[in-house]
Amino acid sequence: MQHYDLHIDGYQYEKNFMSAPQNPTLVLGAGPIGLAAAAHLAARGLPFLVLERGEHVGTNMSDWGHIRMFSPWQYAVDATAVDLLGDSWISPTLEDFPTGSDMVEQYLQPLAELPQIAPHLRFGHEVVSIHRAHMGRTMTPNRGDSPLIVTAATATGLIQIAARAVIDATGTWNHPNPAATTGIRTDSEAAASEYIEYGAPDSAGALRGRYAGKRVAVIGGGHTAQNVLRALATVRETDPTTDIHWLIRRGSAESLYGSGSADELSQRAALGSAARDLVDSGAVLPHTGFLTHDFDIADGAVRVHSLDGQSLVVDEVIVATGQRPDHSTTAELQIDVDPVTEATRHLGPLIDPNVHSCATVPPHGHREVGHPEPNFYTVGMKSYGRAPTFLLMTGYEQVRSVVAALAGDMEAADTVDFVLPESGVCGVPSARVIVTSTGEEVIEQAGCCG
């Protein structure tokens with residue numbers, strides 16, 4: 001195994017992994033939240049490296065590049081990152097809504113090319129484990145005195161890097177929930193894998209030929225599933241023999257359509273309205289109370305079974321039941337996650353999807369995304385665990401607070417500042433909520449983020 005011996009900005013990162021304050025902060029993941037963390041670290045003059053599994057920035061976001069986001073550009077970019085980009089960056093129209101591909105091409109790539117960021121990016125580095133030098137999970141005394149060791153797989157083998165701190169912004173996209181209502185991937189689901197895609201495949205674009213003229217089942221009731229339905233409906237417009245079946249656990253689809261015009265995230269409102277129209281027009285056939293349980297294959301098709309006895313024969317299945325975090329890399333760290341959502345322990349109760357919409361999540365920062373493990377933070381979508389209510393602006397505030405704490409600026413770290421849009425779900429007005437280091441909340445009315 002190779003130990004990193006590298007020099008950046010005059011610092012040498014020790015081969016022997018002894019405690020060294022000049023060890024870099026390692027940011028895991030080069031998506032929007034990971035690069036925002038890098039921008040804040042650069043702005044504060046702290047040494048850092050960004051490890052990215054893929055071969056370019058925004059690898060996960062590129063997988064759903066055809067999907068349009070809920071947040072307009074104004075709230076899809078980090079303020080400190082924009083400051084680093086400077087006047088040479090051609091800013092998009094702030095009121096427009098970017099797709100995933102727009103974000104990668106127009107924002108993440110220019111950010112990654114900056115001289116303050118580019119030398120610190122390491123692509124093709126897949127993290128396989130994180131531990132404390134010279135100690136395992138059960139050794140608590142003086143843990144913070146020993147550096148964190150990140151082991152990553154590269155094209156040339158395993159390497160280890162000593163870190164002062166780790167900011168995990170790897171997200172959850174690569175770990176989709178299975179189709180079964182139980183949350184367990186069954187043998188029959190694995191056996192039917194050639195008929196199944198997860199997440200949001202580009203069914204109206206690159207993969208149109210796979211779905212046109214087919215019987216397609218979409219499993220899941222959330223926004224990803226509704227995006228898939230809308231895309232398949234455009235396929236059906238040119239090939240009316242395409243049958244679209246929507247398999248929903250709930251007894252009715254009504255609550256899945258959202259609050260319509262009351263939702264100030266207009267793209268989210270439009271998505272729910274489109275799903276309603278597709279059902280009302282007959283373009284999409286809903287199967288309510290469908291508790292997906294099992295699959296079997298016969299005659300080149302797959303039958304999907306529900307626990308209540310319902311079944312459906314289709315040619316293709318798209319599972320859009322959300323994602324879950326992968327905590328396997330941190331088995332030797334003292335991490336603490338919420339037992340329900342798998343979010344960080346202190347954040348879990350604040351983001352319970354049964355209570356909170358995107359706009360009603362209270363402001364939070366380094367204290368909520370940290371762990372008992374010193375200087376280890378889970379940020380971005382992964383900090384929310386299985387909860388589906390994450391917005392980019394939330395992640396940007398998380399990393400701003402975390403980096404301020406690493407810089408020793410606790411006043412800035414503990415002053416958590418959100419500008420929240422109206423959701424139309426909870427009925428609260430837009431507000432700027434500031435939580436000070438004493439825990440005092442200051443609420444100011446503010447314009448909505450749209």
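The values are calculated or read from the model by the stated rules, or taken from the named source; none is laboratory data. This structure is a prediction, so every number in the text was calculated from the model and none was measured. A quick note on method: Cβ atoms are made from the backbone with ideal geometry, for glycine too, and the neighbour counts reach across all protein chains shown.
The residues of the range 45-58 that are part of a strand (DSSP E or B) and touching a Pro at 6+ places or on another chain (Cβ under 8 Å), listed by number, are PHE48, LEU49. When restricted to residues that are small (Gly, Ala, Ser), without any contact (Cβ under 8 Å) to a residue 60 or more places away in the chain and part of a loop (DSSP other than H, G, I, E, B), the range 380-411 contains 2. Being of a type in the set (Phe, Trp, Tyr) and in contact with a helix residue (DSSP H, G or I) (Cβ under 8 Å, 6 or more places away or on another chain) is the filter; apply it to the range 381-404 and report the residue that is surrounded by the fewest Cβ atoms within 10 Å (Cβ to Cβ). Going through the qualifying residues, I end up with PHE390. Against the criterion of being in contact with a Pro (Cβ under 9 Å, 6 or more places away or on another chain), part of a helix (DSSP H, G or I) and either in contact (Cβ under 8 Å) with a residue 24 or more places away in the chain or not assigned by TED's automatic domain parsing to the domain that holds ILE67 (or both), ALA270 does not qualify. Restricting to the range 231-258, count the residues that are in contact with a strand residue (DSSP E or B) (Cβ under 9 Å, 6 or more places away or on another chain) and charged (D, E, K, R). Selection size over the range 231-258: 3.
Candidates ALA38, ALA42, ALA30: the one that is farther than 28 Å from ALA270 by Cβ, of a type outside the set (Lys, Arg), modelled with pLDDT of 95 or more and not in a helix (DSSP H, G or I) is ALA30.
Is it true that some residue in the range 133-148 is touching a strand residue (DSSP E or B) at 6+ places or on another chain (Cβ under 9 Å), under 19 Å from GLY54 (Cα atoms) and surrounded by 17 or more Cβ atoms within 10 Å (Cβ to Cβ)? Within the range 133-148, not a single residue is touching a strand residue (DSSP E or B) at 6+ places or on another chain (Cβ under 9 Å), under 19 Å from GLY54 (Cα atoms) and surrounded by 17 or more Cβ atoms within 10 Å (Cβ to Cβ).
Restricting the range 63-84 to residues that are hydroxyl-bearing (Ser, Thr, Tyr) and modelled with pLDDT under 95, the residue that is nearest to ALA118 (Cα to Cα) is TYR75.
Of all the criteria given as (1) part of a strand (DSSP E or B); (2) closer than 28 Å to PHE390 by Cα, the one not satisfied by VAL228 is (1).
For the range 330-352, the condition of being part of a strand (DSSP E or B), in the same structural domain as ALA153 (by TED's automatic domain parsing) and at negative phi holds for at least one residue. State the number of residues belonging to the range 280-301 that are in a loop (DSSP other than H, G, I, E, B) and of a type in the set (Asp, Glu). Qualifying residue count, the range 280-301: 1.
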